[in-house]
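Only one structure is covered here, and it is reproduced in the block below.
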Amino acid sequence: LDLDIDWSDAFKHAHAVSKTNPFWNELSASNPFVHDIAASNRNENNRYLSILKEKPHLFSKVSSNRDSLASSGDELDIDCLLRKTSARRSGRSKSVSDFLDIVDNRRLNPRKTTPQKTMASDMTWLQNDREAYKMAWLSHRQLARSCLDLEAMSHSPGWAQTQATDIHVVCKLNHEGGSVQLPDSDINIHVPVGHVLPGEFQEVGLKAILNPPSSFNNELSSTVSPLIELTLSNLNTREAIFLEVKVAAKVKNDPLSQVMSDIVCFYSLNKEGPFKKLENCYTYQDTIQVKLTDLSHVMYAVIAVQANKIHPPATNVWDYVHRMVSVGIYGPKYIHPSFTAVFTVFGHNYIPGKLTICDIKKGGKNMPPVVFQLWGKHTFLLEKPQDLNISLVSCDPDFEVKMEDQRKNIKEEELKTGEMVRQQFLFSMLGCREMHFFVFLVQIKVLKSSQVTQFHVTTPDPAPKLSGIINRPKRLQNRKEIKSAPLLVIPTVKYPKFQDKTLSVNTYGVALKTVLRQNKIDYLLEYFKGDTIALLGEDKVKAIGQTKIKEWYVGVLRRKIGLVHCKNIKVISKEQAMDTADSELTTRYLVEQIALPFKKLTYIYSVVLSTVSESVYDWRALAEVLGYSHMSLDDFNEAHADKESERVAHVVKRMKEDCHANKKKRLFLYELIVALLKIDCQGLVARLTQDTIILTSAVKLGKYWRELAEKLARLTKQQIEAYEVPHQGKNGVVALEVRLW
């Protein structure tokens, strides 16, 4: 079939279809195989774009590789696709059986050409195994969702999860250079000016492989980054490039750790190695910058903490570093009456937004691989590898975790490997209630100590109901009903009822010295020698200074919560404590103490009002903790009675007016935060805390913005002046409110 084929007619036909088909744009957005045709419809200059733009030589008259297999099942030779292998189907419509016949014909009628070199080892066994080729071809066609049963998919644990999960980025740079960052990561490539000649280009590709090489994880070494794949298109270079990575560890400041260990980079031209240690490295705290001079089209790099030798009492390289452990909670795109959440531990701080899960089981049978979304993530300090106990607890009474899945253990040996460690938790809905999103608690406990880390995760919304759309027999008659989308139903959230009870404290500390400060600091406790201080857990707050790190406990003494230096107290148990009267604390006073800093923070009332009204779903619960339990629906006018958010906003406005009328005794933001803590809106309080701290810092530091820009952002005086010019007033001065932003 060595013929010159004029494809213009096919594309003209596509133009005609696109003009008469109202769904063409949506179709092209979801189907990558017609994307070019749709693009050509929008741009008349690109009228004759080829669908197979990656293989333009396939249409040339002279073809020496006609029978070669491409790297994907979707890129079969165009000649074979047009060959009349089946009397039942035309060249434009081929089934899986037709493609299998093509393979059979190639096996029975070998020709002078051979498969491409890059695929020779992979395709040999596929040609001899019809079923294997079928599965391989189908795996490459996961994006063709139109052939799937949507109603059946809506009940699967990963509804419509067929998109690709490998996160990588490719950027084209000219001789001026630039930087390339892997999305959602701290992995960067810096290309200097003059890296390539003027007029030439460099395509830089970055990809993170989650499981680093196992050979680097032992007593003397531990990986602290994923395996990084770097690709370059142009090797005609004049300058080296720089790899910058923020890693999951930092060498301790003590002299022994500084001498015995270091953060290093290993480099290889092959994924499996061998790797060599690079010397052109610069490390600052938890960030390393590596100069890459030995460039190749494909390169691999991994960052590790390495010790020269282990000096007792140290047992492995972990004893020389502050090691951070990252965890991610993954789940389906939509929740269902029964679904699986996956707890994943990473040996580095790169947590991808999507993860392929291959070992999901349902009814004792293995499910096909699904792509799960990242629901939440958390990072905590782990001093050494040790056994962890993981538990997930639903905060919503409508959902529960399966009894045998409530607690899972992760072994010390699994953490030492540096690879991903996954544990599955099965959630199920109780009864036949309305599906809605909910919040659950993730708790991580170190078995050999009392260290506990916990965080909350919010699930996505339930899957959309497809039955009403698919099975509706008379779509045309119901056209008026579906003209406008229905309002989203806000789920019913059951807020807890606040109870003022005495805190149960299990750990106390006895002061070893008297500490009284001339300059009072609100968050530091003052105490006399022999005082018994209640400790709110044994977790330590670490303050990193210029020369050393101080560790503090959070303690309670004489109805005040504050920090107490670890070296100034002796930790004792509840049974050993003699006099605990001065260290008793109630839940009400605890909440009020937590909210004390908000008395001094700056806020924007409109921002606080909109944030609270959008995030609180029960106006009665908020009104009760604010002291307006007597309010009823009759207190709202017609403008505020329609939506729950408007009722919440009305309650907040009412409280604002009362606080404004009594400024000397009441503070609006402080009382609002106390109320939100009483109904357990921790996520909302965290968001308000972040907003108010940023605004307060901007107000305090606004007049010093030049010094901040010079020292923090490293801007030059010329850059600072250039920024000020558009914002100067008539007198040539920049207003304070402009500096704040």
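The values are calculated or read from the model by the stated rules, or taken from the named source; none is laboratory data. The shown structure was predicted, so the numbers you read here are calculated from the model rather than taken from an experiment. We place every Cβ from the backbone using ideal geometry, glycine too, and count neighbours over all the protein chains shown. Surface areas here come from the heavy atoms of the whole protein model, side chains and all, with no ligands, DNA or RNA. Shrake-Rupley method; radii C 1.70, N 1.55, O 1.52, S 1.80 Å.
A few remarks follow.
- Added length on full extension, which subtracts the Cα-Cα distance from 0.36 nm per residue, T696 to F437: 89.9 nm
- Part-to-part distance (alpha-carbon centres) for region 245-269 and region 395-466, which is given in Å: 33 Å
- Between T293 and Q499, the modelled labels are 6.9 nm apart [label points 7 Å from Cα along Cα→Cβ].
- In region 328-426, trypsin sites (Lys or Arg not before Pro) in a DSSP loop with at most 16 other beta-carbon atoms within 10 Å: K402, K411
- Alpha-carbon centroid distance for the pair region 323-349 / region 535-591, whole angstrom: 33 Å
- Taking 0.36 nm per residue of separation and subtracting the current Cα-Cα distance, fully stretching the chain between N662 and S610 would add 16.4 nm.
- Sparse packing (at most 10 other Cβ atoms within 10 Å of the Cβ) combined with a DSSP loop state is found for the following GluC sites (Glu not before Pro) in region 398-437: E434.
- A Förster distance of 56 Å, applied to the separation of the beta-carbon atoms of R654 and Q373, puts the FRET efficiency at 0.90.
- Amide H contacts of T507: L535, G537, each under 5 Å away and 5 or more positions distant or on a separate chain (H built 1.01 Å from N in the peptide plane; Pro and chain starts excluded).
- Applying both filters, DSSP loop and at most 12 other Cβ atoms within 10 Å, to the GluC sites (Glu not before Pro) of region 524-582 gives E575.
- Computed E for S573/Q406 - FRET, C-beta separation, R0 22 angstrom, nearest 0.05: 0.20
- Taking a ≥ b ≥ c as the square roots of the eigenvalues of the Cα gyration tensor, an a/c ratio of 1.5 or more together with a/b larger than b/c marks region 502-585 as prolate.
- Accessible surface area normalised per residue over region 168-315 is 48 Å², counting heavy atoms of protein chains with a 1.4 Å rolling probe.
- Contact order relative to length of region 601-740, as percent, for alpha carbon pairs under 8 angstrom and 6 or more apart: 25 percent
- At the residue level, L516 shows approximately 110 square angstrom of accessible surface with a 1.4 angstrom probe and all protein chains present.
- Legend: calculated FRET efficiency, L715 to E584, from the Cβ-Cβ distance at R0 = 56 Å, rounded to 0.05, equals 0.60.
- Sequence of D522, D319 when ordered by accessible area, the most exposed leading, probe 1.4 angstrom: D522, D319
- Restraint check, K408/K643; K520/K664; K384/K529; K542/K664; K207/K717, Cα-Cα greater than 31 Å: K408/K643; K384/K529; K542/K664; K207/K717
- The candidates C265, C432, C171, C395, arranged from most to least accessible area with a 1.4 Å probe in the full protein assembly, appear as C432, C395, C171, C265.
- Region 322-458, accessible surface, carbon-and-sulfur percent (1.4 angstrom probe): 52 percent
- Cross-link pairs beyond the 19 Å C-alpha cut-off, checked among K540/K567; K501/K600; K250/K271; K377/K550; K250/K416: K501/K600; K250/K271; K377/K550
- Based on Cα contacts under 8 Å between residues 6+ apart, region 502-585 shows a relative contact order of 36 percent.
- When E657, E244 are compared by accessible surface with a 1.4 Å probe, the order from highest to lowest is E657, E244.
- Assigned charges on the beta-carbon of Lys, Arg, Asp, Glu; region 275-377 dipole about Cα centre (debye): 380 debye
- Amide H contacts of N349 (H built 1.01 Å from N, under 5 Å, at least 5 apart or other chain): A248
- The H on the amide N of H168, modeled in the peptide plane, is under 5 Å from the matching H of no residue at least 5 residues off or on a different chain.
- Computed lengthening from L235 to Q386, 0.36 nm per intervening residue step minus Cα-Cα distance: 49.8 nm
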